[in-house]
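The values are calculated or read from the model by the stated rules, or taken from the named source; none is laboratory data. Predicted model, so just to flag it, every value in this text is computed and none were measured. Here Cβ is always computed from backbone atoms with ideal geometry, including for glycine, and neighbour counts include all displayed protein chains.
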Amino acid sequence: MPLIALEGMEFYAFHGYFIEENVIGGRYLVDVYIETNFVEAAEKDELLGTIDYSEVYSICKKEMLIPSKLIEHVGNRIMERLIALSKKIKSIKLRISKLQPPLGGQVKRSFIEIEKKF
């Protein structure tokens, strides 16, 4: 199945269970992988036959700007909005990485990953 992906979308956001995380904020990476049939777009060179990357980015940006205690919650919101983009979507995989999470030691990143098939 053809795949559309946006990797390494970087956002500064204020997610976290602890008050300090909500005040200081942190850097996050979001990766989205969408399986969809874009044969029509490939043949006709028309955006209507595929998923608009700018819409995917816009959804991620808007949801990342809403502070939440858990990135699991942010991921669920993003996933629900992505699902609504098109009935042509066959699966979506979403990863949200929190860079250098405040865990009291050197940790490059923590992440959640959600995958849904239709």
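Residue by residue, here is whether (1) touching a strand residue (DSSP E or B) at 6+ places or on another chain (Cβ under 6 Å); (2) aliphatic (A, V, I, L, M); (3) farther than 22 Å from Ile66 by Cα holds:
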site	(1), (2), (3)
Asn22	no, no, no
Val30	yes, yes, no
Ile34	yes, yes, yes
Val39	no, yes, yes
Next item on the list: For residues that are hydrophobic (A, V, I, L, M, F, W, C) and within 16 Å of Lys93 (Cα to Cα), tally how many sit in the stretch 1-55.
Entry: 11
Next item on the list: Just give me the residues in the stretch 64-114 being touching a residue at least 40 places away in the same chain (Cβ under 8 Å), loosely packed, with under 15 Cβ neighbours inside 10 Å and assigned to a helix (DSSP H, G or I), in sequence order.
Entry: Glu72
Margin query: For the stretch 44-61, give me each residue that is touching a helix residue (DSSP H, G or I) at 6+ places or on another chain (Cβ under 8 Å), farther than 18 Å from Glu115 by Cβ and either at pLDDT 95 or above or in a helix (DSSP H, G or I) (or both).
Written below: Leu47, Leu48, Gly49
Check: Out of all the residues in the stretch 86-104, which are within 22 Å of Leu48 (Cα to Cα) and either of a type in the set (Asp, Glu) or at pLDDT below 95 (or both)?
Finding: Ser86, Lys87, Lys88
Next item on the list: Would you point out the residue of the stretch 51-63, among those that are farther than 24 Å from Pro101 by Cβ and touching a strand residue (DSSP E or B) at 6+ places or on another chain (Cβ under 7 Å), that is surrounded by the fewest Cβ atoms within 10 Å (Cβ to Cβ)?
Entry: Tyr53
Notebook entry, point to check: Here is a list of conditions, (1) assigned to a helix (DSSP H, G or I); (2) in contact (Cβ under 8 Å) with a residue 60 or more places away in the chain; (3) surrounded by fewer than 18 Cβ atoms within 10 Å (Cβ to Cβ), and Glu21 meets all of them except one; can you say which number that is?
Noted result: (3)
Item checked: Residue check, Leu29 surrounded by fewer than 16 Cβ atoms within 10 Å (Cβ to Cβ), hydrophobic (A, V, I, L, M, F, W, C) and not in a loop (DSSP other than H, G, I, E, B) -> no
